[in-house]
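The values are calculated or read from the model by the stated rules, or taken from the named source; none is laboratory data. Keep in mind the model is a prediction, meaning the values are calculated, not measured. Glycine also receives a Cβ, built like all others from the backbone with ideal geometry; neighbour counts cover every protein chain displayed. Just the protein is used for accessible areas: all its heavy atoms, side chains included, with ligands, DNA and RNA removed. Shrake-Rupley method; radii C 1.70, N 1.55, O 1.52, S 1.80 Å.
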Amino acid sequence: LETLPIRIKQHSENALELAKWLEAQEEVAWVNYPGLESSKYNELAKKYLPKGQSGIVTFGPKGGFEAAKTVANETKVFSLLANIGDTKSLIIHPSSTTHQQLDEAAQESAGVTSDLIRLSVGIEDIEDLKADLKVAFAKI
């Protein structure tokens, strides 16, 4: 494909910018996004996904389980939903929602840490997304 559909392109652009912004936030312990230079998958992403690395970003706030749960529950622009790929931004804390029936060891084996927040970044204005997360961070 010569060009990505405009919506997919916007998902990837927003996700990359948001991931970079999250890396710079003092409330954030870690960020996982293949488009980041710090990602162990960055070279593969450049090779196989040169036009964009998707709209999915995961990160962990400092403060663990309770902090992550608070952030997920306090956002207003991000909707608290488990699906992905919507044009609107979505957020979920799997450890307290989709994976809550599993014990900690089972969650870890599924790749779900207690502090993990998954974002499905939509096509809203990136500054609105940052502001929404910043307000949520202030509640932890």
Checklist line | Failed item in (1) open to solvent by 70 Å² or more (accessible area, probe 1.4 Å); (2) not in a loop (DSSP other than H, G, I, E, B), with S38 passing the rest | finding: (2)
Notebook entry, point to check: Given the structure, is Q53 in contact (Cβ under 8 Å) with a residue 40 or more places away in the chain, more than 17 Å from L133 (Cβ to Cβ) and part of a loop (DSSP other than H, G, I, E, B)?
Noted result: yes
Check: Which of the residues belonging to segment 83-127 are in a loop (DSSP other than H, G, I, E, B) and of a type in the set (S, T, N, Q)?
Finding: N83, T87, S89, T97, T98, Q100, Q101, T113, S114
Next item on the list: Take segment 14-27 and flag every residue that is surrounded by fewer than 21 Cβ atoms within 10 Å (Cβ to Cβ) and in contact (Cβ under 8 Å) with a residue 60 or more places away in the chain.
Entry: E17, W21, Q25, E27
Check: Where residues in segment 107-129 are within 20 Å of E66 (Cβ to Cβ) and without any contact (Cβ under 8 Å) to a residue 40 or more places away in the chain, which of them is surrounded by the fewest Cβ atoms within 10 Å (Cβ to Cβ)?
Finding: E108
Check: Is it the case that segment 42-53 has a residue that's open to solvent by 50 Å² or more (accessible area, probe 1.4 Å) and either in contact with a strand residue (DSSP E or B) (Cβ under 7 Å, 6 or more places away or on another chain) or within 18 Å of E23 (Cα to Cα) (or both)?
Finding: no
Check: Do you know which of the residues in segment 73-82 that are under 23 Å from A24 (Cβ atoms) and free of Cβ contacts under 8 Å to residues at least 60 places away in the same chain is least open to solvent (accessible area, probe 1.4 Å)?
Finding: F78
Checklist line | Sole residue being outside any loop (DSSP other than H, G, I, E, B) and under 24 Å from R7 (Cα atoms), chosen from K47, K69, K76 | finding: K47
